[in-house]
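The values are calculated or read from the model by the stated rules, or taken from the named source; none is laboratory data. Because the structure is predicted, anything quoted here is derived from the model rather than measured. Positions of Cβ are backbone-derived with ideal geometry, glycine not excepted, and every protein chain shown enters the neighbour counts. Surface areas here come from the heavy atoms of the whole protein model, side chains and all, with no ligands, DNA or RNA. Shrake-Rupley method; radii C 1.70, N 1.55, O 1.52, S 1.80 Å.
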Amino acid sequence: MEGDKKPKTRKGKKILEKREPKLIEGIRHTAFLRGTKTSESITGFMHDLYLLKKSNSLYIGKRFDIKPFEDQSQLESLNKKNDTALFMFASHSKKRQNNVLLGRTYDDQVLDMFEFGLEEYQSIESFKRGNTLPAGCRPCLIFEGDLFEYDPIHIRMKNLFTDFFYENSPVKSVDIRKGIVYTIVITSSENNTIFFRVYSITQKTKSDSLDSDGTDIVEMGPRANL
């Protein structure tokens, strides 16, 4: 039986150990994938999200002919192979223009997916803020809109976004004055548009302002309407 095979190398042993069930789940890594065709805007948006999550993510340069709603086996295989529990899949076609898919797996099977169409997009680079986020930092997530509180689909979407950006990464403590360097604001609207905005947070000192200490919040990108 395949399950009785023992690894012959140290590397193989480590791979199998990673896949074994754990009492405490580790960090959820993310795979960024592209379809056979992508537009410039959808590729840019995906790359910007990768930059926000770079520490625990894998950007795969190869393109894949995947139709996620027809056959999920290739997605599941790629996530298992790369030891990733979260994924983003970008594609572009006549029927599904500027298409982005966010999803997660459980026990090597797709748990859920949300499909979005990118309507408007501004890159991080276009804001020209020159922001460099510290490696491994996590955002403060803010969800705006009543739909995230009572609509079952939006509640599940909120849960997925939270998983996607928090990555199950443990945090012992947070210094509010120094530890939060950016925030992501996700807003729902009645016409089913999701507004995605990212802001940098810096603490001003008296040397920066003659008046008093304070907080400087400036949009840093990416900006997207989904």
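Between Thr9 and Cys137, what length comes free when the chain is fully extended (0.36 nm per residue of separation minus the Cα-Cα distance, one decimal in nm)?
42.6 nm
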Between Gln109 and Asn56, what is the label-point separation in nm under the 7 Å Cα-to-beta-carbon projection? 2.5
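Using a Förster distance of 41 Å, how high is the FRET efficiency between Thr193 and Phe64, based on the Cβ-Cβ distance and rounded to 0.05? Working shown, then result.
Details: r = 28 Å, r/R0 = 0.68.
Computed FRET efficiency for Thr193 and Phe64: 0.90.
Pairs Lys37/Lys81; Lys62/Lys94; Lys81/Lys158: which are spaced more than 25 Å apart, C-alpha to C-alpha?
Working: Lys37/Lys81 23 Å; Lys62/Lys94 22 Å; Lys81/Lys158 27 Å.
Flagged as over cut-off: Lys81/Lys158.
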If R₀ is 30 angstrom, what is the calculated FRET efficiency for the pair His47 and Val185, using the beta carbon separation as r and rounding to 0.05? 0.90
How far apart, in nm, are the 7 Å Cα→Cβ label points at Glu76 and Glu125? 3.8
Looks like segment 40-116, by Cα gyration tensor root eigenvalues a ≥ b ≥ c and the a/c under 1.5 rounded cutoff (else prolate when a/b is bigger than b/c, oblate otherwise), is oblate
Taking R0 as 22 Å, what's the FRET efficiency between Asp151 and Arg96 from their Cβ-Cβ distance, rounded to 0.05? 0.40
So, for segment 54-139, what is the accessible surface per residue at a probe of 1.4 Å, expressed in square angstrom? 61
